[in-house]
Amino acid sequence: MISKKGSDFRQNKSLQKITMIDQSNKKSVELEAKSFLIATLYHFVNLEKIQNWQKKLQNICTKNSLFGTILIAPEGINGTIAGRHNNIISFVTWLHQQIEFENTEIKYSQNNICPFNRMKVRLKKEIVTMGKPDINPSKSRGIYVKPSEWNKFISSPNVLIVDTRNDYEVAIGKFKNAINPNTTSFREFPRWADKFSSKKQDKKQVKIAMYCTGGIRCEKSTAYLKKIGFEEVYHLEGGILKYFEEVPSNQSLWQGECFVFDNRVSVNHKLEKGSYALCNACRHPLSLDDMKSASYQNGISCPHCISRTTTKQKERFRERQKQIEIAQKRGKKHLGAELRNDKY
């Protein structure tokens, strides 16, 4: 993790290859210099005057030519941003110099192209929307399990593993034996938890291990489970992304890839862009088999949405795809092609 002054930046495992000087392979070094650094962050903290924070964050991101989305709410900050390495370092150094955010943990990955088309700093009621404003992870949440200890913990026969993510995320990857709540948005999680609780008479004895992409949804979901009576509630510290960063792939209990809310769509255990694409019509991740389907038309339909959209909608999607392709031929970005990344 980066220290609050950024002095430990080079110690981060996922960034070791950035700081290597390889005189014997100049091509590799040049490629590395061109790549973008992606920083995922969140921090629960009571904030006042969030409009002022919105302006400050927008200014520092503009100054450093960063792209992505940051959400600000009275309960804290949440976001993913991308930029050149030195610019991300400058942003993180500034962020950790703010008293409110000095303990914010950052998770890193890389990509050779920027996975965002623009920079947005948005005001929200919650930095991750559960629809339960009385839930405060700063006061009550589950117990962290470090990535290095996660495999042993979830392999215990008396531990139930719960994936707090949405069904389309679970579909492309999960931990072995994890329970899928089959939610389409995080707002549905409390309803699932209430039903789950009604079936568990031994709530004080059962151990629950929860996980999500970067850790933020687990902060709230574990807090909610504790509120409805579960006592032994745990969650993966830093989420799947931190697990990928710290646990060697040959020791991994993860199956598949991990969905991310940017134009990479998914990442593998090496935190590299995965094999999934995105349907520009319904925003569902698509496998190679999905794209071979007769139902798939780039930007218009896929096996997940072809029967759920009208002819009029398909015509609109077809026109949008046409404009995207025209923009690409001109070497420009079309904002219609951007993944909506406000589903944190």
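Taken together, the values in this text are just the output of simple stated rules run on the coordinates, not laboratory data. Worth saying up front: this structure is predicted, and the values here are computed from it rather than measured. Note: ideal-geometry Cβ built from the backbone for every residue, glycine included; neighbour counts use all protein chains shown.
Quick notes on this one:
- The chain: relative contact order as a whole-number percent, Cα under 8 Å and 6+ apart: 15 percent
- Considering only 209, 193, 327, the mean-square fluctuation computed in a Gaussian network model of the chain, springs between alpha carbons under 10 angstrom, is largest for 327.
- Shown here: Kirkwood radius over Cα pairs in Å, derived from the displayed model; of the candidates (1) 21.3; (2) 23.3; (3) 19.3, it corresponds to (1).
- Only helical runs count toward this figure. For the chain, summing -39,500 (n - 2.57) over DSSP H runs of n ≥ 4 and dividing by all residues gives -9000 deg cm²/dmol at 222 nm.
- Across q = 0.11, 0.18, 0.20 Å⁻¹, the stretch 213-344 modelled as identical point scatterers on its alpha-carbon atoms has Debye log10 I(q)/I(0) values of -0.55, -1.05, -1.14, in the order of the q list.
- Distance from the stretch 192-258 to the stretch 62-94 (C-alpha centre basis), Å: 27 Å
- Farthest toward positive dipole pole in the chain [+1 Lys/Arg, -1 Asp/Glu at C-beta], among 93, 117, 79: 117
- Across the cross-link table entries 220/292; 226/273; 176/242; 124/226; 176/207; 207/242, which are compared at the Cα atoms, the separations over 27 Å belong to 220/292; 226/273.
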